[in-house]
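J.: There's a structure below that I have some questions on.
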Amino acid sequence: MPALTFLATQLRRATVTIVPVTLLACRGAVPPDAYGNFEATEVVVAAQTSGPIQRFAVTEGARLDRGAAVIVIDTTTLVLEREQATAQRTAVTARLAELDEQRRVLDVQREIAARTNERTLRLRAANAATVAQADQAERDLRTVTAQLQALTAQGHSVTREADAIAARVAQVRDRIARATVANPRTGTVLAVYAREGEVVGPGQPLYRIADLDTLELRAYVSGAQLAAIKLGQVVQVHVQQGEKGLLTLPGTIAWIASAAEFTPTPVQTRDERASLVYAVRIRVPNRDGVLKIGMPGDVTLNRAAGATP
């Protein structure tokens, strides 16, 4: 029995040793230089105004073009608010016209009162006018001047009111324009958060979209490998396709981290966590849609001819 137990143990150890060698043989005996997962730049499209959704032409998995009007929020309340503000602006404009007419009348009265006061002062100096007449002429001039100043102040107040109403009208028009949601980028809808008929508010998420034509593999390389890579370098990316085996795709290094970090824990052993690595992003064309967000992949750096792997 001890001999059988020893034999079984040796067989298990042999199996563990042979499996990695077999996998490497399938890959051409060249181990990958880095590992990672595919990512995509996702954009969450949110409502920019409030109201019930009148039209919602977004479904999960659908491909949308940039600038396409995909969602329309009901603007009945906003249109009524705009009409009300427009009517108020019309009324204020009419008040400004009335104030301008009153100012012209007071300007004429002030001119006449100024001439009358000047003539009365000359007559008073020649003892041809009484003190009461001189006081009355001066009083008339001051009264018209005060009325003109009050009218000018009132005109400034009404002008500010007109500007505020005009800004309000522009704001409502902007909210009406934002009621139509234009898709911000070409891509595929990943998730939908609302439905037609629901009431939404500003900032509420409506759907999430990402461009899946090109995905990014976020991988990690060691400090020793860092000198062998550069921006724009073409590398080989491998993904598993089930029974079809490995699929090799070309990738381009688009970003290299400027600072080292600890190896991410989800993909390494406890001993490897102590190693410092550099994150890189590799853009990989996804022409046939075989690549998915979160899918694992590995990278083989293109070595110069004759170089030792």
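The values are calculated or read from the model by the stated rules, or taken from the named source; none is laboratory data. Note that the structure is a prediction, hence the values are computed from the model and not measured. Heads up: the accessible areas ignore ligands, DNA and RNA and are worked out on the full protein's heavy atoms, side chains in. Shrake-Rupley method; radii C 1.70, N 1.55, O 1.52, S 1.80 Å.
J.: Which value, to two decimals, describes the C-alpha radius of gyration of segment 142-186 once divided by 2.2 N^0.38 Å?
T.: Rg over 2.2 N^0.38 Å, computed on Cα atoms: 2.18.
J.: Relative contact order of segment 20-130, please, whole-number percent, based on alpha carbon pairs below 8 angstrom and at least 6 residues apart.
T.: Working: 32 pairs, mean separation 16.1, N = 111.
Computed value for segment 20-130: 15 percent relative contact order.
J.: Follow-up. Of the accessible area of segment 25-119, with the probe set at 1.4 angstrom, what percent is carbon plus sulfur? Don't jump to the answer; show the numbers that get you there.
T.: Numbers: 2940 of 5690 Å².
Its accessible area is 52 percent carbon and sulfur atoms.
J.: Still on this structure, please answer the following. Over segment 97-167, with a single point scatterer placed on each C-alpha, what log10 of the ratio I(q)/I(0) does the Debye formula yield at q = 0.18, 0.22, 0.26 1/Å?
T.: Normalising to I(0) and taking log10 leaves -0.71, -0.87, -1.03.
J.: Counting only C-alpha contacts under 8 Å and six or more residues apart, can you give the relative contact order of segment 87-217 as a whole percent?
T.: Values: 78 pairs, mean separation 30.6, N = 131.
Relative contact order here is 23 percent.
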